[in-house]
Amino acid sequence: MKCIIVGCGGHGRVVLDVVLAAGEHEIVGFIDSNARMHGRRVDGREVFGDMRVVDRLKRDLGVEGAIVAIGDNGVRRSFADACELAGLTLINAIHPSANIARNASIGRNVVVAAGALVCAHCQIGDSAILNTGCIVDHESMIGTGVHICPGARLAGRVTVEAGSFVGIGATIIQSLHIGYEATIGAGAVVTRHVDAMATVVGVPAREIKSIAAEDEAAAWQAITARPSSAVARIGS
Ligand SMILES: CC(C)(COP(=O)(O)OP(=O)(O)OC[C@H]1O[C@@H](n2cnc3c(N)ncnc32)[C@H](O)[C@@H]1OP(=O)(O)O)[C@@H](O)C(=O)NCCC(=O)NCCS
């Protein structure tokens, strides 16, 4: 299938290499929101324009498919939706050196980079990135738009909810739950469940940011900024 890569940055180059190595689809070029890249070439492929050129690429070049190669988890998911709305089929980029168990399930717009291992009964959600040399062990569940960075290792039965980021070289021990849009720092060893939207770092991993604490601070500021009658109403 003739395809485009959405995003011509560093991750876009990785994805181009993976798709070429896999040899299943033809990449005709990139699209990117950065107007300064339009008309330039990246690794020999033209950057045609932004999403507005998709109809022309479909009509003139026979483009039917796309893969979104944007590092930011939320932005990647948005562009995946936009591609589907524009009538493009989302493809996967799976490097031939990656090893995926036969009974693992893989969504759409997924990147499995060189040397990554996906073990038995894993489920990998749409728009996930399993980056170079990472290990996702048996029965783990990786949510939509998650990024597992290079060399990260997840033991068996780990759940990583949608939009989370597992930093380079991080380790998560078995059966843990990582809430949605959490951040695991580079090199962390995670030994406890991680709350949604929390950031944890270190060995063993400790929380340095949590949405609960931020919410509490914001609520406190809001209350102290109001006249005392309003505080009384909130308290009643
Ligand atoms: C976890 C991370 C997102 C935190 O970034 P941040 O919110 O900007 O946090 P800061 O840099 O302000 O650091 C806050 C504190 O955590 C510490 N810290 C940050 N990252 C750390 C890490 N990976 N391991 C240990 N400590 C870390 C800092 O030293 C700092 O400590 P201090 O308050 O005692 O000085 C970032 O440091 C990180 O590890 N990113 C992952 C990068 C990666 O994997 N890239 C691969 C892309 S493919």
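Points to keep in mind about this one:
- Screening Ala120 with (1) part of a loop (DSSP other than H, G, I, E, B); (2) within 16 Å of the ligand (Cβ to nearest atom); (3) surrounded by fewer than 19 Cβ atoms within 10 Å (Cβ to Cβ) gives one miss only, at (2).
- Close pairs (6 angstrom Cβ cut-off, 6 or more residues apart or separate chains): within 17 Å of Ala155 (Cα to Cα) in region 117-133, acidic (Asp, Glu) and not in a strand (DSSP E or B) anywhere: Cys119/Asp137; His121/Glu139
- Criterion violated by Ala86 - all others in (1) without any contact (Cβ under 8 Å) to a residue 24 or more places away in the chain; (2) farther than 29 Å from Met197 by Cβ; (3) not assigned by TED's automatic domain parsing to the domain that holds Ser140 satisfied: (1)
- So Arg56, is it out of contact with any Ser or Thr (no Cβ under 8 Å at 6 or more places or on another chain), at pLDDT 95 or above and not β-branched (Val, Ile, Thr): yes
- Test: residue in region 73-85 that is acidic (Asp, Glu) and within 16 Å of the ligand (Cβ to nearest atom): no
- His138 farther than 26 Å from Leu20 by Cβ and touching a Gly at 6+ places or on another chain (Cβ under 6 Å): yes
- For the criterion of being among the small types (Gly, Ala, Ser) and either crowded, with 17+ Cβ neighbours inside 10 Å or closer than 26 Å to Ala182 by Cα (or both), Ala66 passes.
Per-residue answers, yes or no, for (1) part of a helix (DSSP H, G or I); (2) modelled with pLDDT of 70 or more; (3) more than 26 Å from Glu139 (Cα to Cα):
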residue	(1), (2), (3)
Tyr180	no, yes, no
Glu216	yes, no, yes
Arg226	no, no, yes
Val231	yes, no, yes
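- Candidates Ile173, Ile168: the one that is among the aliphatic types (A, V, I, L, M), surrounded by fewer than 20 Cβ atoms within 10 Å (Cβ to Cβ), modelled with pLDDT of 95 or more and away from the ligand (no atom under 16 Å from the Cβ) is Ile173.
- Count of residues meeting criterion [outside any helix (DSSP H, G or I) and closer than 22 Å to Asp55 by Cβ] in region 74-98: 6
- Every test in (1) closer than 20 Å to Asp137 by Cβ; (2) free of Cβ contacts under 8 Å to residues at least 24 places away in the same chain; (3) in contact with a strand residue (DSSP E or B) (Cβ under 6 Å, 6 or more places away or on another chain) is passed by Ser164 save one, and that test is (2).
The values are calculated or read from the model by the stated rules, or taken from the named source; none is laboratory data. For clarity, every value in this text was computed on a predicted model and none was experimentally measured. Ideal geometry is used to build each Cβ from the backbone, glycine not excepted, and the neighbour counts take in all protein chains shown.
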